Amino acid sequence: MEWIVVRDYDAMSEEAARRIIERMKAQPDLVLGLATGSTPVGTYRRLVDAFRRGEISFARVRTVNLDEYVGLAPDHPQSYARFMREQLFDHVDLPADAWDIPRGTAADLEAECARYEAHIRELGGIDLQLLGIGTNGHIGFNEPGTPFESRTHVVALTASTREANARFFERPEDVPTHAVTMGLETILEAREILLLASGPSKREAIRRLYHEGPSPDLPASALKHHPRVTVIVDEAAAADIR
Ligand code: PGA
């Protein structure tokens, strides 16, 4: 695991975007694994800026996302499909059929998980996967206790995750109770991984990721088995690692 500590959220976003832009230039048909949440917003803004400057194109890129809430249709304001369109897809030249996100309203969620795994395989796997980290150490919606060998599956969200995400919903009880998430093994198959963390709320998860060995208690620690992971953290999140 390579650790990069930068000053603040903007510097984290700048460093992440710089690396993604570099990969996109080297491989225009890159398969990008994307994440939602507050963490990657600044990174996506910089990718949109780079596209507008003519520096990068998404015309041959394919994307998949980590997860989606069960029960939210792709056009629901809090769905991750909508988030991705608003933050990135609608502002760049990514073809309409070039992105995929688990369908949280699929009638048969097990079949949807299998479809998603098959699609990632058809794409030839993920070249570069972007990750945030939950305050409880989750990646995607792989909550503590998830086996490292898990594939795309349906999860019951923990109280802490539903609480952390309540800020996006009108009422706390509107936060869905379940999600579909890529599994830890699915994530670990990405050829390269970039994990971002910013702010004091991530301090404890980052402290544990830095100091502890791999254990399902801390899902992000599965990344310690991966040969090519870069963690970009700001000083507030990194307060306990130096
Ligand atoms: P956040 O979420 O970027 O909104 O902090 C990260 C996560 O839960 O993985």
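Among what's in segment 142-160 and is within 13 Å of the ligand (Cβ to nearest atom) and out of contact with any strand residue (DSSP E or B) (no Cβ under 9 Å at 6 or more places or on another chain), pick the residue that is farthest from Ala118 (Cα to Cα). Among those that are within 13 Å of the ligand (Cβ to nearest atom) and out of contact with any strand residue (DSSP E or B) (no Cβ under 9 Å at 6 or more places or on another chain), it is Ser160. Among the candidates Gly33, Gly42, single out the residue that is assigned to a strand (DSSP E or B), within 16 Å of the chain's Cα centre (by Cα) and within 15 Å of the ligand (Cβ to nearest atom). From the options Gly33, Gly42, the qualifying one is Gly33.
Which is farther than 19 Å from Leu66 by Cβ and within 13 Å of the ligand (Cβ to nearest atom), of Ala197, Ala237, Ala205? Steps first, please.
Values: Ala197 fails: farther than 19 Å from Leu66 by Cβ; Ala205 fails: farther than 19 Å from Leu66 by Cβ.
Result of the check over Ala197, Ala237, Ala205: Ala237.
Is it the case that Ser150 is modelled with pLDDT under 95 and more than 21 Å from Thr105 (Cα to Cα)? It is false that Ser150 is modelled with pLDDT under 95 and more than 21 Å from Thr105 (Cα to Cα).
Taking segment 107-138, which residues are touching a residue at least 60 places away in the same chain (Cβ under 8 Å) and either of a type in the set (Gly, Ala, Ser) or at positive phi (or both)?
The initial filter retains those residues of segment 107-138 that are touching a residue at least 60 places away in the same chain (Cβ under 8 Å), namely 109, 112-113, 116-117, 120, 123-138.
Residues satisfying the conditions are Gly124, Gly125, Gly132, Gly134, Gly137.
Of the set (1) modelled with pLDDT of 95 or more; (2) among the hydrophobic types (A, V, I, L, M, F, W, C); (3) within 13 Å of the ligand (Cβ to nearest atom), all apply to Leu188 but (3).
Can you find, within segment 46-64, the residue that is nearest to Asp127 (Cα to Cα) among those that are in contact with a helix residue (DSSP H, G or I) (Cβ under 9 Å, 6 or more places away or on another chain) and in contact (Cβ under 8 Å) with a residue 40 or more places away in the chain? Working first, answer last.
Of segment 46-64, the ones in contact with a helix residue (DSSP H, G or I) (Cβ under 9 Å, 6 or more places away or on another chain) are 46-52, 55-58, 61, 63-64.
Now restrict to residues that are in contact (Cβ under 8 Å) with a residue 40 or more places away in the chain: 47-48, 51, 58, 64.
On the way: Leu47: 17, Val48: 20, Phe51: 20, Phe58: 14, Val64: 11 Å.
The extreme case among them is Val64.
The values are calculated or read from the model by the stated rules, or taken from the named source; none is laboratory data. Everything numeric here is computed off the predicted structure, so don't read it as measured data. Neighbour counts are summed over all protein chains in view; Cβ atoms, including those assigned to glycine, are modelled from backbone coordinates with ideal geometry.
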